[in-house]
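Notes for the one structure printed next.
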């Protein structure tokens, strides 16, 4: 009898050591959406673990994180019961966030702004087209208001500056997708923020070009720019700026192209890229997305001009430009797909931040067991390189896999929706989105995959949400 009681006591003790649902939700979030190593991506919640584990952590931040973490975990294990709990926590998080926003003191806290961003992630994880589209833009509106309230004071701390940079990119995306102008006061804040970091970086220059790109989309949407020739000229000018920026990247922004004839997981066109870290990879994908859309705009206007009576663009150079834009889209699409393998954590980041081919770079690659002959910088190699590329074997790389997949969804969807995207590549993208949705519990990825199954051809910035209400506001009092 005594031994039975001892056994029951031991069993009870073991069960008490099992992680709580809160611990599992938090662990899922940190493992999937946070990369804390200073050598890996910047602006991906790297500041969050310290905040969350401080005594007396802000409850608005805590409950928002738990709701998003549990939603992702529930999707992964396909548990309706856990998703119901996540929804209840989400309601609590919204209540706490709204209360914080009404407080002059709490509204400008770092934790409040981060909670708003995390609630946006929750929408992507649960993703129901009409509701999530509106909710996501509501979160962007809230973020824009908070950023205004925080003013230039937010740039005085490293965390405040990083949070601002992260949200500024989110607001840029919102304006781009919704074809509304970027709020002038936020652009002024961005200009002020560049005094606290190197404003000559590609990220800063790209953001400035993005403003001009957004302005082009707004002008076309509003009918202020309707002449096909003028639209083509504007698009080509912006594309040229981006191409020039990409051509003159600093060494720390360079990547390696690995050619292989092996049938590797997550390799679509016989090659893949290796970047210094995922933040650099994601910035390159941002460049590629914008250039794809610009070239699709050029194609669209040329084809539109051909249909006029009498037709426009009859000179031979226009036919050449049509082919050049088509080829550019296909190349850019394949380059985005070439980033998937590293995003998914199948390879280590590029170790050196040195010019390709330099002695330091070759030494760093050698430390990974990769001989100089295996490095391809724009020219194919005859030998498969899979044996030289280390696989993800650490918790850190598992975190890269999850977080990297999260940031692949939009670039992949943009590839699959391009009218000139080859059918085999669209199918490959669709399968990748399904893999991401099932691996990290992201419903948005599965929704986008279903959208790509439609035989209809897309136009720039057609998304599954186009029938949903557009609610992004650009002014303080709107």
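The values are calculated or read from the model by the stated rules, or taken from the named source; none is laboratory data. Only a predicted model underlies this, so the values are computations on that prediction, with no experimental measurement involved. Don't worry about glycine lacking a Cβ; one is built from the backbone with ideal geometry, like all the others, and counts go over all protein chains shown.
All of 291, 212, 237 fail the test of being without any contact (Cβ under 8 Å) to a residue 60 or more places away in the chain, assigned by TED's automatic domain parsing to the domain that holds residue 429 and closer than 30 Å to residue 151 by Cβ, apart from 212. In this structure, does residue 64 turn out to be assigned by TED's automatic domain parsing to the domain that holds residue 153, under 21 Å from residue 145 (Cβ atoms), out of contact with any strand residue (DSSP E or B) (no Cβ under 9 Å at 6 or more places or on another chain) and touching a residue at least 12 places away in the same chain (Cβ under 8 Å)? Taking the combined requirement at face value, the residue satisfies it. Scanning the range 116-159 for residues that are modelled with pLDDT of 85 or more and not in a helix (DSSP H, G or I) returns a single hit, 157.
Among the candidates 389, 400, which residue alone is at pLDDT below 90, touching a strand residue (DSSP E or B) at 6+ places or on another chain (Cβ under 8 Å) and either over 29 Å from residue 29 (Cα atoms) or assigned by TED's automatic domain parsing to the domain that holds residue 281 (or both)? I'd like the intermediate steps shown before the answer.
Values: 400 fails: touching a strand residue (DSSP E or B) at 6+ places or on another chain (Cβ under 8 Å).
Just a single option satisfies the conditions, and that option is 389.
Here is a check on your reading of the model: is residue 74 under 20 Å from residue 442 (Cα atoms), surrounded by 23 or more Cβ atoms within 10 Å (Cβ to Cβ), modelled with pLDDT of 90 or more and out of contact with any strand residue (DSSP E or B) (no Cβ under 7 Å at 6 or more places or on another chain)? Criteria not met by residue 74.
Please verify whether residue 113 is in a helix (DSSP H, G or I), under 30 Å from residue 276 (Cα atoms) and modelled with pLDDT under 90, treating the condition exactly as stated.
On the way: in a helix (DSSP H, G or I): yes; under 30 Å from residue 276 (Cα atoms): yes; modelled with pLDDT under 90: yes.
Criteria met by residue 113.
Scanning the range 224-269 for residues that are out of contact with any helix residue (DSSP H, G or I) (no Cβ under 8 Å at 6 or more places or on another chain), at pLDDT below 90 and not in a helix (DSSP H, G or I) returns 248, 254, 261, 263.
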